[in-house]
Amino acid sequence: MILNTRVDHRLLHGQVAFAWTNYLNVNCILIANDTVPNDETRKNTMRLAKPQGVKLIMKPINECVNAINQGLTDKYKMFIVVDSVRDAYRLVEGTGNAIKKLTLGGTKATSETKNISKAVNLTDQEFTYLDELILKGVNVYIQQVPSDKKIKYSELKRR
Amino acid sequence: MSEFILAVLLALVAMLANGEYLLGSSMLSRPIVTGTLAGLVMGDVVTGVTIGATLELAFVGNFSIGASIPPEMISGGVLGTAFAIQSGTGPEVALALALPIASLVLVVKNLGFLFVLPPFVHKADRYALEANSKGISRMNLLGGFFAVNLPIGLMVGIGYYLGSPVIEKLLDVIPKFIMNGLTIAVGLLPAYGFALLANMMLKKGNWVYLLLGFALVVYLKLSVTGITIFGLVIALILVGYSSFNGGNGNGSKGKPVVEGGFNEYDEEF
Amino acid sequence: MSMMKNSSDQMEGVLTKKDLMNVFWRSFTMEWAWNYERQMNLGYCYSMIPVLDKLYDKKEDRVEAYKRHLEFYNVTPWLSSFPLGISIAMEEKNAVSKNLDTSSINNIKVALMGPLSGIGDSLFWGTLRIIAMGIGTSLALEGNILGPLLFLLIFNIPAILARYFGLFAGYKLGAGFLDKIKESGLMDKLTFGASIIGLMVVGAMIASMVSITMPLKIGSGKDSMTLDDMFNNIIPGLLPLLFTGFIYYLVKKGVKAHWVLLLMVLIGIVGAYTGILGV
């Protein structure tokens, strides 16, 4: 069962690994990303952040979509981490209604992004993706760590 | 010493405390340090140390991880301690003042972050394009000073100078039971910090260690230092025991099975 | 990506120990100009500059190098020297052999940020600070100036050592070093051990630094005792333990800091007014 999906440009790191896996009581973290599976160094560093007792899987988006659709992820209490809104969108698109909750944790600020909250910066295209996800019935929140108050994306006006 | 000079000295203490970030993030900004230094300035180190310790317990959950910036505890610590000593009261007054002051100065700090610092960051980018490393270095050193260090110093100095007559009068008006109430709250407050820490550190099953530390103090009357050493010994024994028993501890060469019956390390669906 | 150097004293290649020490000292300013946009970027670049200026003579190379290290960065401050060491080794390799894909320099920095901070934050912010604070505060509460001094020493000595060894470990051993530690199980053991000590200290502090006094008497005459005595007869320090447990419950529920603190002030005032709680 997929407990939560998080968009965080740093993928697996301190806050994510410790705070969220404890809070959600997950036993499997899925890093859904097209470049990481081919980068052994990066995979090594993800392995470093992996909490004890939690399984780590790092696969390209397509394989993740297939695995979810085939029900291979049902046996886990799973936390998915992606590094972009686009990847989150691709996951939801491909898996229908397996992903119900999306948390925006942090995305980089660039000259094309607007800052909507603390560490979350989105491009126009990303706003469009998120709006579509809301229409598909996905709950989108902004929340850094579990003790933060959840901010609903749908209640934030584009600034 | 004149109030003006005290204000300047306290401002300098605050700037030194914030200077910890120039000095390897060495915890100079923590209340246990700022309280002591403020006490030194105000002519009563011992009270400063005690107040600093109390404030430290209150602010134990106050630290920044990642992108979260907590209330500005340097100004809270310095001014809280200074006002408490000046009015001849103690930790309860320092605490009552420190919390609102810290929240207020956080606003100023954030203004510094939003308006003063970014130009330095962007100027550094322009220096980079010109291959001007001295310029970049300057941006690092001046940016931190003007955006955060100086504003905090000014707030503390001005806060003391303007505030001390006001605080005296304020304290005279407050009824005794409220002061007592604050003193009681001072005793309760550390529980919050400890709860935060426990929240950060507690995982399945290791609450026993918390209980153990607690029990050793109440029954055997050990000091915190004693507990630390005990803890070290127990940790070494347990860690050594697990490698004696299970070979490599939990290296990735092992194949522990997670509850739910799957392999924790095979990285496959 | 192994950055093994041949001997441990002499740096192979262009850089000397003096160059690395330059970086070491500069790394102390890592958090000085921390900004919301790119966090430790100024501190990181500032630290790298002595090495970059020595390795690269051509303007274009320097420009690229400075830009590289002005990108977003955030890591536990006392461990920032480890990625610095790795960056230095990679920049040196790049300057000498010129066939390195420079994007990998930042890729590794980014990849390290997370896991290193995860371990670093809990070891330094969590355990080390708690131990220093526990010992320091217990002395300082009695007005002993040794308190703040010990606090600073207990924290900073290991922190500075970590900063020093981190730099050279990163430079000589590269990112593979962290992976080897993980594989040997040392990392897990370290975090496990640290959590034991940290939790014991927190438990000790709950017992000794949370004070609740209930002076109300129950019973009469010779058999009367205060509420305090009653609770302490069950378990000494029961009240602080229960109270902390209550606050822990609030924290888990996500109640924000200022509400909790306000609640405590309220409890204090009401307690003082009604005489249920005493100073």
Under the Karplus relation with 6.51, -1.76 and 1.60 and θ = phi - 60°, whole-Hz ³J(HN,Hα) for region C:53-65, x at Gly and Pro, equal 5, 6, 6, 10, 9, 6, 4, 4, 5, 5, 4, 4, 5
Honestly chain B on the Cα gyration tensor test (a ≥ b ≥ c root eigenvalues; a/c under 1.5 rounded, otherwise a/b vs b/c for prolate or oblate) is just oblate
Per GNM of chain C with C-alpha springs under 10 angstrom, the most fluctuating residue out of C:M214, C:M21, C:M40 is C:M214
GNM of chain B, Cα pairs under 10 angstrom: of B:G88, B:G112, B:G144, the biggest fluctuation goes to B:G88
The pairs in C:K98/C:K172; B:K134/C:K58; C:K59/C:K93; A:K152/C:K256; B:K169/C:K256 lying past 22 Å Cα-Cα in this model are B:K169/C:K256
Taking region A:25-159, the equivalent ellipsoid from its C-alpha gyration tensor has semi-axes in Å, biggest first, of 24, 17, 15
Percent antiparallel among DSSP beta bridges confined to the protein assembly as shown, nearest 5, equals 30
Which residues qualify? For A:R6, with a placed amide H closer than 5 Å and at least 5 residues away or on another chain, they are A:I80, A:V81, A:V82, A:T103
A correct Karplus calculation of ³J(HN,Hα) over region A:52-57, with 6.51 cos²θ - 1.76 cosθ + 1.60, θ = phi - 60°, whole Hz and x for Gly and Pro, returns 5, x, 10, 7, 10, 10
Between the alpha carbon centres of region A:1-68 and region B:24-59 the gap in Å comes to 42
Note to self: C-alpha centroids of region A:137-156 and region C:139-180 sit apart, in Å, by 37
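Among B:H122, C:H69, A:H9, rank each residue by its count of other Cβ atoms within 10 Å, from fewest to most, as a rough exposure measure. Provide the component values of the computation, followed by the final result.
Numbers: B:H122 12, C:H69 25, A:H9 15.
Ordered from fewest to most neighbouring Cβ atoms within 10 Å, B:H122, C:H69, A:H9 come out as B:H122, A:H9, C:H69.
Only sites in a loop by DSSP and with at most 11 other Cβ atoms within 10 Å count here; which trypsin sites (Lys or Arg not before Pro) in region C:66-115 make the cut?
Working: sites: C:K67, C:R68, C:K93, C:K98, C:K109; in loops: C:K98.
Passing sites in region C:66-115 are C:K98.
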Cβ density ranking, 10 Å radius, fewest first, applied to A:C28, A:C64 yields A:C28, A:C64
Once Lys and Arg are counted +1 and Asp and Glu -1 for all other residues with Cβ under 11 Å from that of B:S137, the total becomes +2
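Kindly identify chain C as rounded, prolate or oblate by the Cα gyration tensor criterion: order the square roots of the eigenvalues as a ≥ b ≥ c, call it rounded if a/c is under 1.5, otherwise compare a/b with b/c, prolate if a/b is larger, else oblate.
It comes out prolate by the Cα gyration axes.
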Expected vector for region A:93-100, Karplus 3J(HN,Hα) from phi with 6.51, -1.76, 1.60 and θ = phi - 60°, integer Hz, x for Gly and Pro, equals 3, x, 10, x, 10, 6, 9, 9
Computed for the protein assembly as shown: size of charge dipole around the Cα centre, +1 on C-beta of each Lys and Arg, -1 on C-beta of each Asp and Glu, debye to nearest 20, value 540
So for region C:211-274, using the alpha carbon gyration tensor with a ≥ b ≥ c as root eigenvalues (a/c under 1.5 gives rounded; past that, a/b versus b/c decides prolate or oblate), I'd call it oblate
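Here are some pairs, A:K101/B:K109; A:K75/A:K101; A:K77/B:K204; which of them have Cα atoms lying more than 26 Å apart in this structure?
Details: A:K101/B:K109 34 Å; A:K75/A:K101 18 Å; A:K77/B:K204 16 Å.
Distance filter (> 26 Å) returns A:K101/B:K109.
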Among A:Q125, A:Q143, A:Q52, the residue with the largest mean-square fluctuation in a Gaussian network model of chain A built from Cα contacts under 10 Å is A:Q52
B:E56 neighbourhood, Cβ < 13 Å, K/R = +1, D/E = -1, net charge +2
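Once the other residues with Cβ under 13 Å from the Cβ of A:I68 are scored (Lys, Arg +1; Asp, Glu -1), what is the net sum? Numbers along the way, then the final one.
Details: positive: A:K59, A:K75, A:R90, A:K100; negative: A:E63, A:D74, A:E93.
Surrounding charge for A:I68 is +1.
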Percent relative contact order for chain A, counting Cα pairs under 8 Å at least six residues apart, stands at 29
Taking r as the C-beta separation of B:S223 and C:S224 and R0 as 25 Å, the FRET efficiency to the nearest 0.05 is 0.15
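Just so you know, all these numbers are worked out from the coordinates, no wet-lab data involved. As the structure is a computational prediction, the values presented were derived from the model and not from experiment. Using ideal geometry, Cβ is built from the backbone for each residue, glycine included, and neighbour counts are taken over all protein chains shown.
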